[in-house]
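Chemist: I have a structure I would like to understand better, so I am pasting it below and will then ask my questions one at a time.
The values are calculated or read from the model by the stated rules, or taken from the named source; none is laboratory data. What you see is a predicted model; the values in this text were computed from it and never measured. Cβ coordinates were reconstructed from backbone atoms using ideal geometry, including for glycine residues, and neighbour counts include every protein chain displayed.
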Amino acid sequence: MDLENNNKKITESQREDKSDWFFYFLVILIAFYIIIKTVHWPIEKSIDVLLLQQSKPIENLQTAHDTIFIADFAVDTIHFPEGEYFYHENFGYSEFKNDFFLKLQTQMETLKSGKYNFSIRSDDGFKLTIDNTVICAHPNGRPMEETLCSTTLNKGLHHFEIYYYQGFGYLGLEARYEFDSSQNPMNKSTLPNHSLNMQLIGRESETVKFHPMPIAKLYVNQ
Amino acid sequence: MSISKSSLVFASFGILLIAIYSYFFNYHYPAELAWDENYHIASAQKYLAGVMFMEPHPPLGKLFIALGEWLLQPNQHLDTNTFLHTDYIKTIPDDYSFRGVRLFPSLFACIAAVLFFWILYLLSQQLILAFFFSSLYLFENAMIVHSRTAMLESTQICFIFLSIVYFLYRLNKADNRLKHYFILGIFTGLAVAVKLNSLILLILFPGLFFYHRRKRLSLIQLKKLLNYGSSYTIGILLIFFLSYYIHFSLGQKVLENQYQASAAYLEILEKHETSNIRHFFTMLKDNIYYIKKYEQGVPLNHKPGSSPGTWPFGNKSINYHSQHVHHNNKVGTVQYLYLQGNPVIWLLVLIGVALSLAQIVAAVCFGLSIKDRKSFYLISLFSLMYLAYLAVMFNLGRVMYLYHYLIPLLFGCFLFYLQFNQILGTTLNQKPHLIYIATGFLVLEIIFCYWYFSPLTYYQPLSNEAFMQRQWMDFWHLEMLR
């Protein structure tokens with residue numbers, strides 16, 4: 001009888017120990033879950049963006065500035081999807097809808113010399129300059145449409161800049177690139193949807209890397 | 001004063017200080033209307049101006065909101081006359097301060113923290129554990145955000161806790177008499193006079209009565225049941241009627257008869273006899289009828305609404321107020337006041353409820369032996385209150401919101417605590433240090449999550465990126481401001 005009672009007590013204490021471990025396990029599990037949910041690896045954002053909110057309607061890229069608010073921030077790609085609001089997957093939605101300019105700058109490091117093709121889809125106008133040379137532009141308003149252009153770049157660092165404006169209504173901006181190994185002139189009609197296969201500006205490839213602008217150069221001519 | 005009593009007082013003071021930090025500090029911020037404040041501030045202003053109105057909730061909570069405004073008078077220099085002509089304020093004057101209207105809800109939330117600690121202490125007689133587990137209330141983000149606004153729930157929860165503290169205190173005594181049931185009725189009445197869903201506390205009466213009566217009811221016991229039940233009911237009705245009496249006495253002017261008061265009520269108002277006790281039930285009848293009519297008008301669906309069955313999982317968070325800010329010149333920065341719970345606490349509650357229900361089923365259906373009768377009794381009681389509350393919510397036939405879950409959430413906290421003590425009771429006696437260390441670690445996890453979600457609780461600037469990182473679960477429906 002005593003032996004039976006002793007056995008019972010041992011089983012009881014073993015069960016207590018197990019329930020004890022259940023609690024420790026729970027505490028550790030919660031800790032792991034919190035770590036998984038709260039630790040985020042930083043995304044490398046190599047595109048510097050300057051947003052200039054205007055007080056008056058913007059007619060085109062040449063409209064004189066009447067800036068009421070400036071915001072500067074960085075994003076990883078030039079991809080602001082078409083829509084009613086200024087959106088980027090890095091920061092989500094923002095309150096900016098109408099009448100603002102954007103100046104997007106990055107250091108484009110070309111690993112090969114040769115011809116590079118660019119695709120700019122915008123609503124409204126834009127101007128693309130590389131090393132202070134205008135590559136292509138659409139100075140006036142338009143719905144989301146694509147402009148294709150190309151230029152020859154030597155191996156090395158280049159100052160890449162897009163100047164963009166949003167008037168009213170829908171907005172959007174998307175910039176892509178590719179190294180043209182064929183060396184053929186780019187023709188939109190002969191290359192349907194070709195630009196969709198091109199890399200977004202900011203996303204590295206075998207031929208191009210992107211680096212944030214040095215602070216000293218970033219604020220020149222702003 | 002014995003050592004344990006002085007320790008209890010000292011610990012209570014510590015809890016109060018922490019509650020002042022998490023619930024009270026800067027309580028008037030943001031100076032923006034949040035959720036149902038549009039209704040409650042309009043009502044409070046009518047009390048101050050002596051304007052008659054009717055309301056879907058009993059008056060006590062709103063009377064306290066008005067009392068805070070009357071005591072501090074932070075908006076004396078502002079024209080708030082527009083509040084008197086509507087039940088729903090759309091705008092507030094520039095420089096309107098919330099110091100007055102949010103004073104009592106925030107204060108009651110702090111008092112409730114101490115009461116919560118006492119409940120845990122009464123459940124376990126373990127001072128250190130009760131102190132540790134008070135973090136379930138002290139750092140509950142949804143409770144905090146809701147309690148820091150001019151709304152009714154923090155006042156209601158404070159009185160609910162008061163009732164439970166008294167219930168647990170009397171549960172240890174075998175000589176409960178008429179006056180004790182009357183006092184319990186008074187405390188229950190205070191909660192009911194704030195919101196009618198406090199009637200869930202009615203379960204406490206049989207809970208107290210039957211605890212010391214295990215045998216079949218004799219005729220004498222039945223007579224006692226009726227006597228004590230009457231005493232309890234009188235306590236409730238006394239407070240309930242008293243709060244309405246103050247409500248009627250204060251509302252003497254009719255601006256617009258939008259509440260469709262009866263001719264008899266209008267005549268009483270005209271004669272300025274609202275304080276006359278003879279007319280009390282005439283006015284009460286109109287007010288009760290208004291509640292019924294109002295509830296019928298509440299829509300079945302509303303975007304922030306959610307099903308009670310999904311509340312334990314946190315569906316769905318509610319955006320009380322939000323606006324874009326230009327913080328450090330960054331785009332996509334928003335200040336939110338979001339009803340978003342602390343996920344660690346909500347998980348623990350879920351575990352506590354699940355374990356309790358499993359234990360009850362195992363004991364009732366499969367004859368699982370019960371080691372601690374009192375603990376099992378309390379687990380059954382709080383489980384019943386938890387389930388009964390949700391069952392009532394299911395059957396209301398109107399849209400309900402996540403903040404309606406705050407009361408059962410707190411019952412769930414008690415269940416988790418009871419389960420913790422029951423499961424780890426023996427280990428606690430054998431190797432308490434290990435349990436204390438693990439509990440301390442759990443408390444740190446709770447505090448970390450409180451801090452992580454605190455920008456949504458205290459209206460702090462949050463980048464959209466950081467906001468998205470806080471969407472741990474899709475079914476929370478945390479929606480970014482556009």
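Chemist: Do the conditions hold for residue B:468, that is, is it within 27 Å of residue A:93 (Cα to Cα), within 11 Å of chain A (Cβ to nearest Cβ) and in a helix (DSSP H, G or I)?
Modeler: Working: within 27 Å of residue A:93 (Cα to Cα): yes; within 11 Å of chain A (Cβ to nearest Cβ): yes; in a helix (DSSP H, G or I): yes.
When the stated conditions are applied, residue B:468 passes them.
Residues are listed down the side, and each one gets a yes or a no for (1) of a type outside the set (Ser, Thr, Tyr); (2) within 13 Å of chain B (Cβ to nearest Cβ):
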| site | (1), (2) |
| --- | --- |
| A:75 | yes, yes |
| A:84 | yes, yes |
| A:99 | yes, no |
| A:112 | yes, no |
| A:116 | no, no |
| A:132 | yes, no |
| A:138 | yes, no |
| A:142 | yes, no |
| A:153 | yes, no |
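Chemist: When you check residue B:430 against the structure, is it surrounded by fewer than 18 Cβ atoms within 10 Å (Cβ to Cβ), of a type in the set (S, T, N, Q), at the interface with another protein chain (Cβ under 9 Å from one of its Cβ atoms) and farther than 18 Å from residue B:325 by Cα, yes or no?
Modeler: Values: surrounded by fewer than 18 Cβ atoms within 10 Å (Cβ to Cβ): yes; of a type in the set (S, T, N, Q): yes; at the interface with another protein chain (Cβ under 9 Å from one of its Cβ atoms): yes; farther than 18 Å from residue B:325 by Cα: yes.
Here the answer is yes, as residue B:430 does meet what is asked.
Chemist: Also, I was wondering about something else. Are there any pairs with C-beta distances below 6 angstrom linking a residue in the stretch B:33-52 that is of a type in the set (Ser, Thr, Tyr) to a residue that is part of a helix (DSSP H, G or I), with the two at least 6 apart or on different chains, and if so which?
Modeler: Going by the 6 Å Cβ cut-off, the qualifying pairs are B:43/B:62; B:47/B:66; B:47/B:250.
Chemist: May I pose another question? On the given criteria, is residue A:93 of a type in the set (Ser, Thr, Tyr), without any contact (Cβ under 8 Å) to a residue 12 or more places away in the chain, outside the structural domain of residue A:119 (by TED's automatic domain parsing) and out of contact with any His (no Cβ under 6 Å at 6 or more places or on another chain)? Steps first, please.
Modeler: Values: of a type in the set (Ser, Thr, Tyr): yes; without any contact (Cβ under 8 Å) to a residue 12 or more places away in the chain: yes; outside the structural domain of residue A:119 (by TED's automatic domain parsing): no; out of contact with any His (no Cβ under 6 Å at 6 or more places or on another chain): yes.
Considered against the rule, which asks whether it is of a type in the set (Ser, Thr, Tyr), without any contact (Cβ under 8 Å) to a residue 12 or more places away in the chain, outside the structural domain of residue A:119 (by TED's automatic domain parsing) and out of contact with any His (no Cβ under 6 Å at 6 or more places or on another chain), residue A:93 comes out as no.
To keep it simple, each residue is scored yes or no on (1) without any contact (Cβ under 8 Å) to a residue 40 or more places away in the chain; (2) under 30 Å from residue B:46 (Cβ atoms).
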site: B:174; (1), (2): yes, no
site: B:184; (1), (2): no, no
site: B:205; (1), (2): yes, no
site: B:223; (1), (2): yes, no
site: B:226; (1), (2): yes, no
site: B:229; (1), (2): no, no
site: B:241; (1), (2): no, yes
site: B:251; (1), (2): no, yes
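Chemist: Look through the stretch B:449-465, keep the residues that are touching a residue at least 40 places away in the same chain (Cβ under 8 Å) and at the interface with chain A (Cβ under 9 Å from one of its Cβ atoms), and return whichever of them is nearest to residue B:133 (Cα to Cα).
Modeler: Going residue by residue through the stretch B:449-465, those that are touching a residue at least 40 places away in the same chain (Cβ under 8 Å) are B:449-450, B:453-465.
This time we only want the ones that are at the interface with chain A (Cβ under 9 Å from one of its Cβ atoms), so: B:449, B:463-465.
Numbers: B:449: 15, B:463: 32, B:464: 33, B:465: 32 Å.
For the stretch B:449-465, the residue satisfying everything is B:449.
Chemist: Also, I was wondering about something else. State all residues of the stretch B:446-465 that are at pLDDT 95 or above and part of a helix (DSSP H, G or I); if no residue qualifies, say none.
Modeler: B:446, B:447, B:448, B:449, B:450, B:451, B:452, B:453, B:454, B:455, B:456, B:457
Chemist: Would you check if there is a residue in the stretch B:285-302 being within 14 Å of another protein chain (Cβ to nearest Cβ), surrounded by fewer than 16 Cβ atoms within 10 Å (Cβ to Cβ) and either under 30 Å from residue B:253 (Cβ atoms) or touching a residue at least 24 places away in the same chain (Cβ under 8 Å) (or both)? First the steps, then the outcome.
Modeler: First, the residues of the stretch B:285-302 that are within 14 Å of another protein chain (Cβ to nearest Cβ): none.
No, that holds for no residue.
Chemist: Select from the stretch B:113-146 the residues that are touching a residue at least 60 places away in the same chain (Cβ under 8 Å) and more than 18 Å from residue B:447 (Cβ to Cβ) and list them in ascending order.
Modeler: Residues of the stretch B:113-146 touching a residue at least 60 places away in the same chain (Cβ under 8 Å): B:113-114, B:116-121, B:123-124, B:126-146.
B:114, B:118, B:119, B:121, B:123, B:124, B:126, B:127, B:146, listed by residue number.
Chemist: Same structure, new question: Just to be sure I understand, how many residues within the stretch B:194-203 are without any contact (Cβ under 8 Å) to a residue 24 or more places away in the chain and buried (at least 16 other Cβ atoms within 10 Å of the Cβ)? Can you show your working first?
Modeler: Quick first cut of the stretch B:194-203, residues without any contact (Cβ under 8 Å) to a residue 24 or more places away in the chain only: B:199, B:202.
Subset that is buried (at least 16 other Cβ atoms within 10 Å of the Cβ): B:202.
Of the residues in that region, 1 qualify.
Chemist: Please work out if residue B:442 is at the interface with chain A (Cβ under 7 Å from one of its Cβ atoms), under 28 Å from residue B:20 (Cβ atoms) and either aliphatic (A, V, I, L, M) or not in a helix (DSSP H, G or I) (or both).
Modeler: Numbers: at the interface with chain A (Cβ under 7 Å from one of its Cβ atoms): yes; under 28 Å from residue B:20 (Cβ atoms): yes; either aliphatic (A, V, I, L, M) or not in a helix (DSSP H, G or I) (or both): yes.
Answer is yes for this residue.
Chemist: Would you point out which residue out of A:54, A:62 is more than 19 Å from residue B:325 (Cβ to Cβ) and surrounded by 15 or more Cβ atoms within 10 Å (Cβ to Cβ)?
Modeler: On the way: A:62 fails: surrounded by 15 or more Cβ atoms within 10 Å (Cβ to Cβ).
Within the list A:54, A:62, the selection yields A:54.
Chemist: Related question: Looking at B:356, B:380, B:307, B:369, which one is closer than 22 Å to residue B:137 by Cβ and either without any contact (Cβ under 8 Å) to a residue 40 or more places away in the chain or more than 13 Å from chain A (Cβ to nearest Cβ) (or both)? First the steps, then the outcome.
Modeler: On the way: B:380 fails: closer than 22 Å to residue B:137 by Cβ; B:307 fails: closer than 22 Å to residue B:137 by Cβ; B:369 fails: closer than 22 Å to residue B:137 by Cβ.
That would be B:356, the only listed residue that is closer than 22 Å to residue B:137 by Cβ and either without any contact (Cβ under 8 Å) to a residue 40 or more places away in the chain or more than 13 Å from chain A (Cβ to nearest Cβ) (or both).
Chemist: How many of the residues making up the stretch B:135-164 are in contact with a strand residue (DSSP E or B) (Cβ under 9 Å, 6 or more places away or on another chain) and in a helix (DSSP H, G or I)?
Modeler: Residues flagged as in contact with a strand residue (DSSP E or B) (Cβ under 9 Å, 6 or more places away or on another chain) and in a helix (DSSP H, G or I) within the stretch B:135-164 amount to 4.
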